[in-house]
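The values are calculated or read from the model by the stated rules, or taken from the named source; none is laboratory data. What you are looking at is a predicted structure, and each value in this text was computed from that prediction instead of being measured. Cβ placement follows ideal geometry from the backbone for every residue including glycine, while neighbour counts extend to all protein chains displayed.
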Amino acid sequence: MTEAPRALRADAQRNRARILDVARTVVEEHGTQASLRDIARRAEVGMGTLYRHFATREELLEALLGSRFERLAAHAEALEAARGPQDALLEWVGEFAAGAGAYRGLAVSMMATLEDSDSSLHQSCARMRAAGGRLLRRAQRAGHIRADIDETDLFVLVSAVASITDSAPSIAARRDHLFALVLDGLVARPG
């Protein structure tokens, strides 16, 4: 019989939350190979504290991605209730796109985790994709988005632009223009 994990003390919970907040910023600035020492220093914790919460870089990235996916799913649900179909989808895609490039250099092993249906990261990614898919289908039913687009098309196109603009600094200045072109390509046209 395995024991249930013990609840973290309040100070340990604060440290973990601070590490994740700082790591999110540092990874956005420097990619997935960001210095763990820099993360610990900026979070004002020792390396031992960082490793107690996240034994490996992959564990830290998994926690960051999982929380990002959960936030995106929750935001999609809030937008669905508060905005019109097209506005909700466009705002959500903009938020997805803004963070899509932050995880450049994501390890192949982490990508495999996304594909592993038993992993918690896969589950949070599936919830996020489903929430984005609902926004897409809602906008399609309202006639705003082409009917031949599915959620895979949407995620691949947005992720591709994010990847290209992050790997080619000469194109980075055109990121917003490229996203606008992709979004414009999704719009349903009369006739």
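Restricting attention to region 115-136, report how many residues are in a helix (DSSP H, G or I) and without any contact (Cβ under 8 Å) to a residue 12 or more places away in the chain.
Of the residues in region 115-136, 4 are in a helix (DSSP H, G or I) and without any contact (Cβ under 8 Å) to a residue 12 or more places away in the chain.
What residue, among those in region 158-191 that are of a type in the set (A, V, I, L, M, F, W, C), surrounded by 15 or more Cβ atoms within 10 Å (Cβ to Cβ) and more than 16 Å from L135 (Cα to Cα), is nearest to the chain's Cα centre (by Cα)?
A162
Using beta carbons and a limit of 8 Å, which pairs, at least six apart or on different chains, have the first residue in region 164-191 and modelled with pLDDT of 85 or more and of a type in the set (F, W, Y) and the second one surrounded by 15 or more Cβ atoms within 10 Å (Cβ to Cβ) and part of a strand (DSSP E or B)?
none
Sort out which residues of region 37-62 are surrounded by fewer than 19 Cβ atoms within 10 Å (Cβ to Cβ), among the hydrophobic types (A, V, I, L, M, F, W, C) and closer than 26 Å to Q123 by Cα, and write them in order of number.
Scanning region 37-62 gives a single hit, A55.
Which condition does V161 not pass, out of (1) out of contact with any helix residue (DSSP H, G or I) (no Cβ under 7 Å at 6 or more places or on another chain); (2) farther than 23 Å from A74 by Cα; (3) in a helix (DSSP H, G or I); (4) of a type outside the set (D, E, K, R), if it passes all the others?
(1)
Filter region 24-83 down to the residues that are not hydroxyl-bearing (S, T, Y) and not in a helix (DSSP H, G or I) and list them by number.
Hits for region 24-83 are G31, Q33, A34, E44, V45, G46, F54, A55, R83.
I'm told I149 meets every condition in (1) more than 25 Å from E70 (Cβ to Cβ); (2) in a loop (DSSP other than H, G, I, E, B) except one. Can you identify the failing condition by its number?
(1)
What number goes with the only condition from (1) touching a helix residue (DSSP H, G or I) at 6+ places or on another chain (Cβ under 6 Å); (2) of a type outside the set (D, E); (3) assigned to a helix (DSSP H, G or I) that Q140 does not pass?
Q140 satisfies all of (1) touching a helix residue (DSSP H, G or I) at 6+ places or on another chain (Cβ under 6 Å); (2) of a type outside the set (D, E); (3) assigned to a helix (DSSP H, G or I) except (1).
Looking only at residues that are modelled with pLDDT of 85 or more and among the small types (G, A, S) in region 90-136, which one is farthest from V161 (Cα to Cα)?
My answer is S124.
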